[in-house]
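Novice: My questions all concern the structure below.
The values are calculated or read from the model by the stated rules, or taken from the named source; none is laboratory data. Quick caveat, the model's predicted, so the values are computed rather than measured. Please note: Cβ atoms are built from the backbone with ideal geometry, for glycine as well, and neighbour counts cover all protein chains shown. With ligands, DNA and RNA removed, areas are computed over all heavy atoms of the protein, side chains included. Shrake-Rupley method; radii C 1.70, N 1.55, O 1.52, S 1.80 Å.
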Amino acid sequence: MAMGGTRPRRLPRNVIFETPGSVSLPELEQRLQELWTKEGTFDASLARRRGRPRFNLYEAPPTANGSPATHHVAARAVKDLFWRYKTMAGWYAPRRAGWDTHGLPIELAVEREMGITARSQIEDFGIEAFNRRCRELVDQSIAAWKSFSDRMGYWLDYRDRFLTCSPWYMESVWWAVRRLFDQGDVYRAFRLEPYCPRCATTLSSHELELGGERRRPIARARLLISLKNDPSVRLLTSIRELWMLPAEAAIGVDAQATYLKVRWRGQVVVLLPDAVRLLDGPVEPVARLSGADLVHLEYLPPFPEPSADRRFLTVAVRQPGETGFVHLAPAHDQEAFDVCREQGIELRRALDSNGRFGPDSGDLAGRFVHGVNELVVAELKRQHSLHSVLAERKASPICWRCETPTIRLG
Ligand SMILES: [Zn+2]
């Protein structure tokens, strides 16, 4: 390809070719790009292949929440390779530009820019004004992406670009969902999902990996729970994490095991024989009980529901924990979820979508899920239901967007 207009100088006999003393590679690239623009090289490469077999490689739309960076060069260069190769091999390979302009990445970028840390600040600022700022950021980012892509020689057709926030794009998605619905392929069901209570959104398994894990304090606890028809009889129970207690739906018991009834500190306690060591001071055995006889007993939950319709019962499980009785919070725990679904026990939700406890959660009402352990402990002490708290540090996944520890939510 001729780059200059001057006639070659006649070289001495023993010189094959001459190289300039210094070459500016960026300058060379820019001159080449100017030539491509002037001659319409990209359009010509498409026009010459029109009518040939079509090669579709969709531009997975980059998120328009900021400026592209060096690592995007590598990804774009690899993608570009396929389009160029296919074009050279005789295929018609159109390339349509597009951007993912929706959702949290954009909102979080604007929140960072404006120093916003709570949802209420967005509401004070005005949702419409906030959305406008998000759109402005999208426009700025797209301009940066275009000049970046041009500069690295990445050819895209911007005339028919798509933005996920454009009405026709959203309507296309609705149309597709509608078709699935009409075909009977959409059904309603509950399942547990990783959830960020700060961002108020579920996370895909990919997103969960993105965030990684962080060690954080977890409070397990052992409780003494009274039976409804005889509150002097108490089950020694355990719960995986204290904050799940307002969402408990049942207590699991091992129907195959043998339990002990003992007298301890003036009360009757039922537990697995191995768990007797957890009771300090004198313990007086009273009777042996079959686990099967301990299924479907009604008990008094520490966080009852205001309507008396719901009965809290013990149910058979395979893993009843160290004491023989385990609180099941199916809205937050996969094993509990499976057990409750099998046995037709209704899910019980204590948290709203922003990770705050609902009005039925006593002193916890309105509090964020992380940081309520002391309140739960105080409530259990008030009810004389707390046996012990076991504080430990456990690695748990955090949200890749905001680093808040994630929970499971059903
Ligand atoms: Zn988050």
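Novice: Beta carbons within 10 angstrom, averaged per residue: use that to sort the peptides 375-387, 329-341, 30-42, highest first.
Specialist: Taking the mean over residues of other Cβ atoms within 10 Å, the ranking is 329-341, 375-387, 30-42.
Novice: Rank Arg95, Arg216, Arg52 by mean-square fluctuation in a GNM of the chain with C-alpha springs under 10 angstrom and give only the top-ranked residue.
Specialist: Arg52
Novice: With +1 on the Cβ of every Lys and Arg and -1 on the Cβ of every Asp and Glu, and nothing else charged, how large is the dipole of the stretch 26-171 about its Cα centre, in debye rounded to the nearest 20?
Specialist: Working: 22 positive and 20 negative charges, 197 e Å.
Here the stretch 26-171 has a charge dipole of around 940 debye.
Novice: Short version: ³J(HN,Hα) in whole Hz for each residue of the stretch 35-52, in order, from phi by Karplus 6.51 cos²θ - 1.76 cosθ + 1.60 (θ = phi - 60°), x for Gly and Pro, what are they?
Specialist: After applying 6.51 cos²θ - 1.76 cosθ + 1.60, I find 5, 4, 5, 4, 8, x, 4, 4, 4, 5, 5, 7, 4, 5, 9, 4, x, 7 Hz.
Novice: Also, I was wondering about something else. Relative to 2.2 N^0.38 Å, what does the C-alpha radius of gyration of the chain come to as a ratio? Two decimals please.
Specialist: Cα-based Rg divided by the globular estimate yields 1.49.
Novice: Which value in Å is the Kirkwood Rh of the stretch 26-171 over different Cα pairs?
Specialist: Details: mean 1/r = 0.0581 Å⁻¹.
That comes to 17.2 Å for the stretch 26-171.
Novice: Further, regarding this structure: Which angle from 0 to 90°, rounded to the nearest 10, does the C-alpha axis of helix 167-182 make with the longest principal axis of the chain?
Specialist: 50
Novice: FRET efficiency for Leu32 and Ser232, Cβ-Cβ distance as r, R0 = 51 Å, nearest 0.05?
Specialist: 0.05
Novice: On to the next question. Just to confirm my numbers, what's the Cα centroid distance between the stretch 35-58 and the stretch 274-288 in Å?
Specialist: So the separation of the two Cα centres works out to 82 Å.
Novice: Another question about this same structure. In whole Hz and in residue order, list the ³J(HN,Hα) couplings for the stretch 321-337 that follow from phi through the Karplus curve 6.51 cos²θ - 1.76 cosθ + 1.60, θ = phi - 60°; x for Gly and Pro.
Specialist: My calculation for the stretch 321-337 gives x, 5, 8, x, 9, 10, 6, 9, 10, x, 6, 9, 9, 5, 4, 5, 4 Hz in order.
Novice: Then there's this: Pick from Glu128, Glu27, Glu322: which is most flexible by mean-square fluctuation in a GNM of the chain where alpha carbon atoms under 10 Å apart are linked?
Specialist: Comparing Glu128, Glu27, Glu322 in a Gaussian network model of the chain, the most mobile one is Glu27.
Novice: Please work out the Cα convex hull volume for the stretch 102-211 and give it in Å³ per residue.
Specialist: Values: hull volume 20.3 nm³, N = 110.
Convex hull volume per residue, Cα atoms: 184 Å³.
Novice: When the solvent-accessible surface of protein heavy atoms is calculated with a 1.4 angstrom probe, in what order do Thr404, Thr19 fall, highest first?
Specialist: So the residues, ranked largest to smallest area, are Thr19, Thr404.
Novice: Please build a GNM for the chain, connecting alpha carbons under 10 Å apart, and tell me which residue among Trp91, Trp174, Trp83 fluctuates the most.
Specialist: Trp174
Novice: How many times 2.2 N^0.38 Å is the alpha carbon radius of gyration of the stretch 167-285?
Specialist: This ratio for the stretch 167-285 stands at 1.75.
Novice: Let me see the pair-distance distribution of the stretch 89-165: every alpha carbon pair, 10 Å bin width, integer percents in order.
Specialist: Result returned by the calculation: 16, 40, 25, 14, 4, 1.
Novice: Which whole-number percentage describes the relative contact order of the chain, with Cα contacts under 8 Å and a sequence gap of 6 or more?
Specialist: On the way: 628 pairs, mean separation 69.2, N = 410.
Here the relative contact order equals 17 percent.
Novice: Would you please state the base-10 log of I(q)/I(0) at q = 0.27 1/Å for the stretch 70-133, with intensities from the Debye formula using one equal scatterer on every alpha carbon?
Specialist: Results for the stretch 70-133 at q = 0.27 Å⁻¹ read -1.14.
Novice: A follow-up question, please. Return one number: the angle in degrees, 0 to 90 and rounded to the nearest 10, between the long axis of the Cα atoms of helix 70-88 and the longest principal axis of the Cα atoms of the chain.
Specialist: Tilt relative to the chain: about 60 degrees.
Novice: Here's something else I'd like to know. Modelled label-to-label distance, Thr202 and Lys79, 7 Å Cα→beta-carbon offset: nm?
Specialist: 2.6
Novice: How do Phe312, Phe368 rank by accessible surface area computed with a 1.4 Å probe, from largest to smallest?
Specialist: Phe368, Phe312
Novice: When the Cα centres of the stretch 326-356 and the stretch 188-211 are compared, how far apart do they sit, in Å?
Specialist: 16
Novice: To continue, here is another question. Tell me, what is the FRET efficiency for Arg96 and Phe190 to the nearest 0.05, using R0 = 30 angstrom and their Cβ-Cβ distance as r?
Specialist: 0.20
Novice: Let me ask you something else. Compute the angle between helix 373-382 and the longest alpha-carbon principal axis of the chain, please, reported from 0 to 90 degrees and rounded to the nearest 10.
Specialist: Compared with the principal axis, the helix lies near 10 degrees.
Novice: Please get the size of the charge dipole for the chain, origin at its Cα centre, with Cβ charges of +1 on Lys and Arg and -1 on Asp and Glu, quoted in debye to the nearest 20.
Specialist: Numbers: 58 positive and 51 negative charges, 351 e Å.
Here the chain has a charge dipole of around 1680 debye.
Novice: Have a look at Ala365, Cys196, Pro330 and report the one farthest towards the positive end of the charge dipole of the chain, computed about the Cα centre with Cβ charges (Lys/Arg +1, Asp/Glu -1).
Specialist: Towards the positive end, the residue furthest out is Cys196.
Novice: Report the Rg/Rh value for the stretch 214-409, based on alpha-carbon coordinates and the Kirkwood definition of Rh.
Specialist: 0.96
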